[in-house]
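Values quoted throughout were computed directly from the atomic coordinates according to the rules given, and no laboratory measurement underlies them. In this text the structure is predicted, and so the values were computed from the model without any measurement. Cβ: placed from backbone, ideal geometry, glycine included. Neighbour counts: every protein chain shown.
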Amino acid sequence: MTVADNSAPVSLEGFNPFSDAVQQCPHLYYRAMQEQAPVFHVPGTDLYMVTRHDMVTPILRDTQLFSNRFGSAGEAARGEVVERIKAVLETGWPQVPTMLTIDPPYHTRYRGTVAPYFTPKRMAELRAPVEAIVDRLLDHLPEGEFDLVPTFAVPLPIEAIAYILNVPSDRMADFKRWSDDSIANIGTAISDDARVAAYHGIVEFQHYFAAQIEQRRTEPQADLMTDLVNARIDTDEGDTRPLDMSEMLSIVQQLLVAGNETTTKAITEGVMLLARHPEVFEKLRADPSGYAPLVTEEVLRLSTPTQGMFRLVTRDTELAGVSIPKGSRLVVVYSAANRDPQVWGDDPDRFDPDRTNLKDHLAFGKGIHFCLGAPLSRLEMQVAFERLGRRIERIELAEDNAFRYFPSFMLRGLTGLRVRMTPAAPDEERTDV
Ligand code: HEM
């Protein structure tokens with residue numbers, strides 16, 4: 001279910017973000033929170049969920065009171081598994097906080113090392129390679145019914161980031177695995193063995209990219225990792241210094257991970273929405289390049305793959321009458337803000353790319369941590385939807401879809417989507433409008 005049924009009353013008593021009911025359809029709960037408890041303390045945890053759009057934005061601006069030094073976005077390990085994880089991590093490099101998980105001034109220093117790769121100029125240069133990836137993937141889609149996730153939604157962002165990182169394309173399956181391992185415990189209950197296996201994957205990632213970075217030291221190239229090797233960041237003493245290997249690996253890991261699962265999930269949800277709304281798909285077909293950017297923003301709003309993010313509360317405070325002790329974690333629930341009736345009107349769950357306030361969605365966050373890769377995922381999604389509008393006449397959902405979402409309350413997306421796509425007749429393919 002993607003659309004909340006406003007008529008059903010929902011009780012927040014005993015609300016558990018790890019329960020299947022919440023993870024499969026959280027929107028009714030978020031709506032109830034907006035109405036009954038816009039700052040909701042999750043019973044038995046240090047988590048406070050903030051769901052209203054007008055409350056989320058000021059929190060994102062106050063980076064001193066609400067810090068991004070929340071550790072990792074995953075849930076901390078407890079018990080004997082901690083020793084097992086330590087043993088695995090000792091075979092790699094220490095995991096250090098960089099962009100997402102650190103505050104200014106360090107945040108600004110780290111982000112500055114890779115920000116030049118996500119400028120409008122870079123994106124314009126990337127359009128042709130991204131179009132080539134999308135066209136190739138569409139050329140090879142199976143006939144009849146197929147799962148869109150492994151055939152299209154997974155490879156597109158992985159191939160795009162591999163292109164930016166300038167690494168050989170023969171390791172795509174590993175990139176996908178490492179990126180899954182890096183998010184394995186975010187907002188989900190995970191077994192000890194799965195947790196240890198995920199850390200093995202992270203260390204494997206470190207060794208692969210450390211070798212790539214070392215290669216750039218001896219054979220510099222015009223690319224991102226060479227720039228990381230040559231980067232100098234300001235120190236607190238007014239000096240500059242190079243990044244160490246842990247810092248470089250953390251930055252590369254964030255680029256590899258942050259954009260894969262998220263963009264995959266947004267594209268999948270977008271195709272489902274287009275299949276369910278043929279009238280919107282018709283508009284896209286009528287003006288592929290003009291309408292694809294609007295479809296992209298509305299899909300981002302409704303899918304909000306990064307449903308929320310943590311903020312660490314740095315001193316005792318109060319929000320909307322709720323006392324929050326220092327050391328608690330807020331969850332700024334972007335997906336709730338993106339369906340807040342105060343901003344999106346009486347029918348916030350409706351798929352409507354013609355909304356006039358699409359720019360107000362928070363799918364990429366806001367403020368200093370605003371998604372660095374937003375221009376890249378926008379480019380990928382725009383090209384994907386534009387090409388679907390040009391090349392495909394009809395998208396239908398297979399009968400046997402279970403519409404299951406990954407069991408996470410932080411990263412939301414369908415586990416699979418079986419579709420049938422009818423190609424446009426060659427003379428009907430929209431070349432340009
Ligand atoms: C649909 C796709 C994507 C979504 C929904 C998304 C969402 C987000 C959100 C909500 C944040 C802010 C987190 C916060 O508030 O603390 C963020 C930060 C970030 N994203 Fe994305 N992202 C996407 C794609 C990408 C891509 C493609 C990349 C890189 C190639 C990327 C790299 C990052 C990085 C590095 C940060 C941290 C920025 C900072 O702390 O300054 N993201 N993303």
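Tabulated values for the structure
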| read-out | value |
| --- | --- |
| Gain in span if fully extended, S11 to R276, counting 0.36 nm per residue against the direct Cα distance | 92.5 nm |
| Tail weight of P(r) past 17 Å, computed on alpha-carbon pairs of the stretch 305-415, percent | 72 |
| Two-decimal log10 I(q)/I(0) for the stretch 288-355, as the Debye equation yields it once each C-alpha is a single scatterer, q = 0.12, 0.18, 0.24 Å⁻¹ | -0.46, -0.77, -1.00 |
| Net dipole in debye of the chain [+1 Lys, Arg Cβ; -1 Asp, Glu Cβ; about Cα centre; nearest 20] | 760 |
| Rough spin-label spacing in nm, given labels placed 7 Å along Cα→Cβ, for T422 and D244 | 6.1 |
| Per-residue Cβ neighbour rank within 10 angstrom, fewest leading, D46, D239 | D239, D46 |
| Reciprocal mean inverse distance between Cα atoms of the stretch 122-245 - Kirkwood radius, Å | 17.3 |
| Rounded to 5, percent antiparallel among DSSP beta bridges of the chain | 85 |
| Calculated over the stretch 237-379: convex hull of Cα atoms, volume per residue (Å³) | 165 |
| Dipole magnitude of the stretch 330-433 about its Cα centre (Cβ charges: Lys, Arg +1; Asp, Glu -1), debye to nearest 20 | 440 |
| Hz values of 3J(HN,Hα) by residue in the stretch 326-340 - Karplus curve (6.51, -1.76, 1.60), Gly and Pro given as x | 3, x, 6, 10, 8, 10, 7, 8, 4, 5, 6, 4, 6, 10, 6 |
| Listed pairs K86/K366; K326/K366; K176/K366 exceeding 30 Å between Cα atoms | K86/K366 |
| Prolate/oblate/rounded call for the stretch 54-127, Cα gyration tensor, a/c under 1.5 rounded | oblate |
| ³J(HN,Hα) computed for each position of the stretch 387-395 - Karplus, 6.51 cos²θ - 1.76 cosθ + 1.60, integer Hz, glycine/proline x | 5, 4, x, 6, 9, 10, 8, 8, 10 |
| Neighbour-count ranking [beta-carbon atoms within 10 angstrom, fewest first] of L256, L228 | L228, L256 |
| Reach of K265 by Cα under 16 Å, taken over aspartates and glutamates that are not fewer than 8 positions away in the same chain | D147, E159, D180, E297, E298, E380 |
| Hypothetical label at F370: residues of the stretch 51-65 whose amide nitrogen lies under 13 Å (7 Å Cα-Cβ projection) | 61 |
| Cα convex hull of the chain, projected area averaged across orientations, nm² | 21.9 |
| Mean ellipticity per residue at 222 nm, deg cm²/dmol - from DSSP H runs of n ≥ 4 across the chain, formula -39500 (n - 2.57) | -14500 deg cm²/dmol |
| Amide H partners (placed H, <5 Å) of R69, local residues excluded | L312 |
| Exposure proxy order (Cβ contacts within 10 Å, fewest to most) of E318, E145 | E318, E145 |
| Stretchable slack from A128 to E318, in nm (0.36 nm times residue separation minus alpha-carbon distance) | 63.4 nm |
| For the chain, with +1 on Lys and Arg beta carbons and -1 on Asp and Glu, the positive-most of Q36, P97, L255 along the dipole | P97 |
| Fluctuation leader among R418, R136, R31 - the chain, Gaussian network, Cα springs under 10 angstrom | R136 |
| Relative pair counts by distance (%), Cα atoms of the stretch 94-136, 5 Å bins | 5, 19, 16, 15, 13, 13, 12, 6, 1 |
| Protection-proxy order for peptides 13-26, 152-165, each taking the mean of Cβ atoms within 10 Å per residue, highest first | 152-165, 13-26 |
| In order through the stretch 260-272: 3J(HN,Hα) via Karplus (6.51 cos²θ - 1.76 cosθ + 1.60), integer Hz, x for Gly, Pro | 7, 4, 4, 5, 4, 5, 5, 5, 4, 4, x, 5, 4 |
| Evaluated at q = 0.13, 0.18, 0.19 Å⁻¹: base-10 log I(q)/I(0), Debye formula over Cα of the stretch 5-59 | -0.31, -0.60, -0.66 |
